[in-house]
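Below: the structure, in structure tokens.
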């Protein structure tokens, strides 16, 4: 009973062993992550098309729930760039941004996504995420990063622009460029430039001056806060909001409110596919970070329990004024580096953000939207990495095709079309590849009991015996193909009396393939040719043993290929 | 040049070697097949919702075109039951049966299907048909047979009824049962009973009396003709058409007319998916028969050229008043058994049917629809075979699930939903299975260089070395799962210093899996564990050799598992 409970409530395991030193580490990590998260969560709310405070709310209760249900000791949960973009894309197809309905739909999206994640965890369906191949994810994230950056340019320049793919955005930006607000543009460009410099220039500089890695890391993390404070002060001091600089404005000074998502079936129906895609993308992003960090401390991540943790976090977000959340890469790394020892660090971060929501919100009244846009742009451009195109090209053209399609369609049609096409294409390519597997006609290497490809090696063969080795499991997609191959090999060669299938690389034979083997056996029999099998694996043989096929087989099953040829020739 | 031409025009190969004995054989076969096809083609036109003559037209030019382009020497092309049902299902969603638009839409469907088949043949996309697993096809054909039989009951009883799935049909039949025409019902039931008796009772009887197999076979094949003649005579003699017995009526006395399908984009758009499904199902049915028959004479079938042959046949059907056609099972077997030596037999059959279309159509004026319905029912009930449920159950639960789903959904929702769901489910099940492959921790069998599963055998292991053998190619669907497995095996076991992946069953490593291996290597390195590979296959090694991975690998690549353990322990 206890073990079952602690499987679903990992807090019971680590909570019992919590020490004073853990507490110190967790508090330090929480402090650093809180400072980092304040501007980030405001900015991602903006990206999702929601009021700034939604970002804070989405970071408080979800983090606490993940601390109770999650298995990673370092993962920091909250709004992240790609999921926020997907949220905006899903919602603006349905309701108008800025309306009350939009915020409620965001709650529904988070709730639906939470239920999907929870159900996948309880039914152990985490494998569904495996359909996202690495190159497809890499391509999707790169393309999303570009779209996000482009979508923020309007805030940098203080103009209006709209669109959910790169083309729409660029056209919209171009046609509205006349309305540029030069003061906003100055703030936006300076903020972006400064944040880039902090990332690329400040760190080497501080290291060169002689600061330690810890201090350097902390100072670099202060960059966004410095920009926020400086630009807010500038707007306040010179009254720039009166001159057209858009600001965050009034933010309620409150803890996360209790909210209820809409349960309208029509709305939920429209949100189902986006919620599913958001769940899967969020889960994949989260689990990759969690596993990478866990490995460094030889800890274990339970993927199904992670789904439950993320599901609880999203349901929490939907009940407290938030929007879809997941485990973020950069914040989790910061949390880990800052020494977070347990999920309690997350809980302390939540407390820090709650204090910010209650006490600090009046201070961000004058914060320019352009500053938030600058933090987003600098954060997402680090996601853009076209090297995946080159790397997949050199390895495998099929993988390259999947990445290229994902990137192009995401940029051209938007996130949902892009990721769906990528998944579909990679599945089809996999099936295509395994539908025409490598097949070798083999012969005996002289002086050994080894059999190798007759095209690559000088081997001994016998005119009456053809041995084929199929380098793939036999299943419906290649079963008929195997029939073709064997028939075309044997049809023209009157000398052939025996066909041996060397089954060393066959890990499974499904029902279609079994029927194809029966057909092959039957057809070869009609031609006066015997079919033999050699080196059949244990689990495959177990299954065949229960079937008629082995009785119908015109030839025999041999333990080894050597034995097969030896005994057939002796007979 | 000549070989290229004769690849696309197989007639050039067999035509040059045509002998007088071939001619005799082909003429005999053509005569028998013609007698069989006259009632059958009328009946299938009825099933497709078209006037009876469309069945004759669909059997003339298509057969001739297949004779020129097809590679099978025995295949008989024309309307078949399942494709006719699919035609009716596709068209009645769009246009009303009995209208001119319906017949034109049938031409468009045949034309579209022909273009799809032709394109698949030219681009060598025949592998697409492999996505239909054997159990899914078997289930689909069984369910279609039931629907077809149910759809003909209204003709047997002379009532009106409609529907494209079993439920709709049964409800519609039940509610219209009051309008039964008793004379029609008498004809229908007697005809059905007689045809069943011919199949099940007459054959044993004739054999018992002492007739040879050839004569018996011919007499049995006359059964449908006898019923057609007898019931037509009865209707004519007693004037039963005036008493409510529906008859074929006026049939134009003509060769196939030249017709043009509609090219309306809206119509073609609606027909695209049905045309695709009809093409695939038709191709699979046709190629299975062709290969079975070819094997008996050690001949070869070229699947891609078969697509071209069937494509040409369907385009021919669309230009000559027909509807979608394919190679039929029973007629091809009859053709083969009757001694057809070359595709010329098909051409002679076409001539026979053309004569029938010109000369015999007045004779079928009084042919009752109920008789045609009876021939359909008897023909399709031989397709119904639920044993696939039991056979797949004993072999593999996943295959069973795919069959059961296909049967249920075809019966409940119709042919298109049923076959689509079956294909989707079998692909998902395959991916699911290969996403959690068999993985064995192996040890050395004492006294040998063999390594086997530690759970099944008494083997030698070393606490510092863990060897895992994955029985599946590594690709995106199982890449992350492998990460989990290795991490969970190593995380808790502090003694482990080396992990060896025995790669003997790994036929491919895709880009996702390569990245997972990099991640595994990196994470194991963080834990102070080395990763080694053993028994990597040639093609897989070729690919890895071009990548950074082998440089990053913390351990080594060993030729054999034995060498791996030996050298690691010695180091």
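Looking only at residues in segment B:323-342 that are touching a strand residue (DSSP E or B) at 6+ places or on another chain (Cβ under 9 Å), modelled with pLDDT of 90 or more and within 15 Å of residue B:47 (Cβ to Cβ), the one that is surrounded by the fewest Cβ atoms within 10 Å (Cβ to Cβ) is B:326. Please tell me if residue A:489 is modelled with pLDDT under 85, assigned to a helix (DSSP H, G or I) and within 14 Å of another protein chain (Cβ to nearest Cβ). Considered against the rule, which asks whether it is modelled with pLDDT under 85, assigned to a helix (DSSP H, G or I) and within 14 Å of another protein chain (Cβ to nearest Cβ), residue A:489 comes out as no.
Restricting attention to segment A:245-278, the residues that are in contact with a strand residue (DSSP E or B) (Cβ under 7 Å, 6 or more places away or on another chain) and either without any contact (Cβ under 8 Å) to a residue 24 or more places away in the chain or closer than 30 Å to residue A:419 by Cβ (or both) add up to 0. When the residues of segment B:116-138 are filtered to those that are within 13 Å of residue B:277 (Cα to Cα) and more than 14 Å from chain A (Cβ to nearest Cβ), which remaining residue is surrounded by the fewest Cβ atoms within 10 Å (Cβ to Cβ)? Ranking the candidates gives B:116 first. Counting the residues of segment A:390-404 that are closer than 30 Å to residue A:163 by Cα and free of Cβ contacts under 8 Å to residues at least 24 places away in the same chain gives 1. Here is a check on your reading of the model: is residue B:410 in a helix (DSSP H, G or I) and over 25 Å from residue B:149 (Cα atoms)? So residue B:410 fails the test. Any idea which of (1) more than 23 Å from residue B:388 (Cα to Cα); (2) in the same structural domain as residue B:307 (by TED's automatic domain parsing) is the one residue B:157 doesn't satisfy? For residue B:157, the failing item is (2). Scanning segment A:227-244 for residues that are within 19 Å of residue A:353 (Cβ to Cβ) and either touching a strand residue (DSSP E or B) at 6+ places or on another chain (Cβ under 8 Å) or surrounded by fewer than 19 Cβ atoms within 10 Å (Cβ to Cβ) (or both) gives A:229, A:232. Scanning segment B:525-546 for residues that are at the interface with chain A (Cβ under 8 Å from one of its Cβ atoms) and touching a helix residue (DSSP H, G or I) at 6+ places or on another chain (Cβ under 9 Å) yields B:526, B:527, B:543, B:546. Of the residues making up segment B:413-462, those that are more than 12 Å from chain A (Cβ to nearest Cβ) and in a strand (DSSP E or B) are B:441, B:442, B:443, B:444, B:451, B:460, B:462. Answer yes if at least one residue in segment B:326-347 is within 27 Å of residue B:276 (Cα to Cα), assigned by TED's automatic domain parsing to the domain that holds residue B:35 and part of a loop (DSSP other than H, G, I, E, B), and no otherwise. Yes, the conditions are met somewhere in segment B:326-347. Among the residues of segment B:155-167, at least one is away from chain A (no Cβ under 14 Å) and farther than 17 Å from residue B:47 by Cα. Could you figure out which of (1) surrounded by 17 or more Cβ atoms within 10 Å (Cβ to Cβ); (2) under 25 Å from residue B:438 (Cβ atoms) isn't true of residue A:531? Looking at each condition in turn, residue A:531 falls short on (2).
Evaluating residue B:507 against the criteria (1) crowded, with 19+ Cβ neighbours inside 10 Å; (2) over 30 Å from residue A:536 (Cβ atoms) leaves one unmet condition, (2). Here the condition is being in a helix (DSSP H, G or I), surrounded by 18 or more Cβ atoms within 10 Å (Cβ to Cβ) and without any contact (Cβ under 8 Å) to a residue 60 or more places away in the chain; of A:173, A:146, A:177, it holds for A:173 alone. Within segment B:468-485, being buried (at least 24 other Cβ atoms within 10 Å of the Cβ) and more than 8 Å from chain A (Cβ to nearest Cβ) holds for one residue alone: B:474. Total residues in segment B:293-324 satisfying the condition of being more than 7 Å from chain A (Cβ to nearest Cβ) and not in a loop (DSSP other than H, G, I, E, B): the figure is 18. What is the one condition in (1) more than 37 Å from the chain's Cα centre (by Cα); (2) under 18 Å from residue A:439 (Cα atoms); (3) within 8 Å of chain B (Cβ to nearest Cβ) that residue A:522 does not satisfy? Single failed check for residue A:522: (2).
Going residue by residue through segment B:376-394, is there one that turns out to be surrounded by 18 or more Cβ atoms within 10 Å (Cβ to Cβ), more than 17 Å from the chain's Cα centre (by Cα), part of a loop (DSSP other than H, G, I, E, B) and not assigned by TED's automatic domain parsing to the domain that holds residue B:330? The answer is no, given that none of the residues of segment B:376-394 is surrounded by 18 or more Cβ atoms within 10 Å (Cβ to Cβ), more than 17 Å from the chain's Cα centre (by Cα), part of a loop (DSSP other than H, G, I, E, B) and not assigned by TED's automatic domain parsing to the domain that holds residue B:330.
Residue check: residue A:72 meets all listed conditions (1) surrounded by fewer than 24 Cβ atoms within 10 Å (Cβ to Cβ); (2) farther than 19 Å from residue A:151 by Cβ but one, namely (1). So, residue A:549, is that one surrounded by 21 or more Cβ atoms within 10 Å (Cβ to Cβ), within 11 Å of chain B (Cβ to nearest Cβ) and over 23 Å from residue B:506 (Cβ atoms) or not? Taking the combined requirement at face value, the residue does not satisfy it. Is it the case that segment B:498-511 has a residue that's facing another protein chain (nearest Cβ under 7 Å), in contact (Cβ under 8 Å) with a residue 24 or more places away in the chain and out of contact with any helix residue (DSSP H, G or I) (no Cβ under 9 Å at 6 or more places or on another chain)? Yes, segment B:498-511 contains at least one residue that is facing another protein chain (nearest Cβ under 7 Å), in contact (Cβ under 8 Å) with a residue 24 or more places away in the chain and out of contact with any helix residue (DSSP H, G or I) (no Cβ under 9 Å at 6 or more places or on another chain). If the condition is being surrounded by fewer than 18 Cβ atoms within 10 Å (Cβ to Cβ) and either over 13 Å from the mean Cα position of the chain (by Cα) or not assigned by TED's automatic domain parsing to the domain that holds residue B:361 (or both), then segment B:269-287 contributes B:269, B:272, B:273. Across segment B:215-224, not a single residue is classified as out of contact with any helix residue (DSSP H, G or I) (no Cβ under 9 Å at 6 or more places or on another chain) and part of a helix (DSSP H, G or I). Suppose the filter is in the same structural domain as residue A:123 (by TED's automatic domain parsing) and surrounded by fewer than 21 Cβ atoms within 10 Å (Cβ to Cβ); does residue A:353 pass it? Taking the combined requirement at face value, the residue does not satisfy it. Identify, by number, the condition in (1) under 25 Å from residue B:138 (Cα atoms); (2) away from every other protein chain (no Cβ under 14 Å) that residue B:238 doesn't meet. So the condition that residue B:238 fails would be (1). Meeting the requirement of 1 or more residues that are closer than 26 Å to residue B:443 by Cβ and touching a residue at least 60 places away in the same chain (Cβ under 8 Å), the helices (runs of 4 or more DSSP H) wholly within segment B:523-571 are B:561-570.
The values are calculated or read from the model by the stated rules, or taken from the named source; none is laboratory data. From a predicted model like this one, the values you see are computed outputs, not experimental measurements. So basically every Cβ, Gly included, is an ideal-geometry build from the backbone, and we count neighbours across all protein chains shown.
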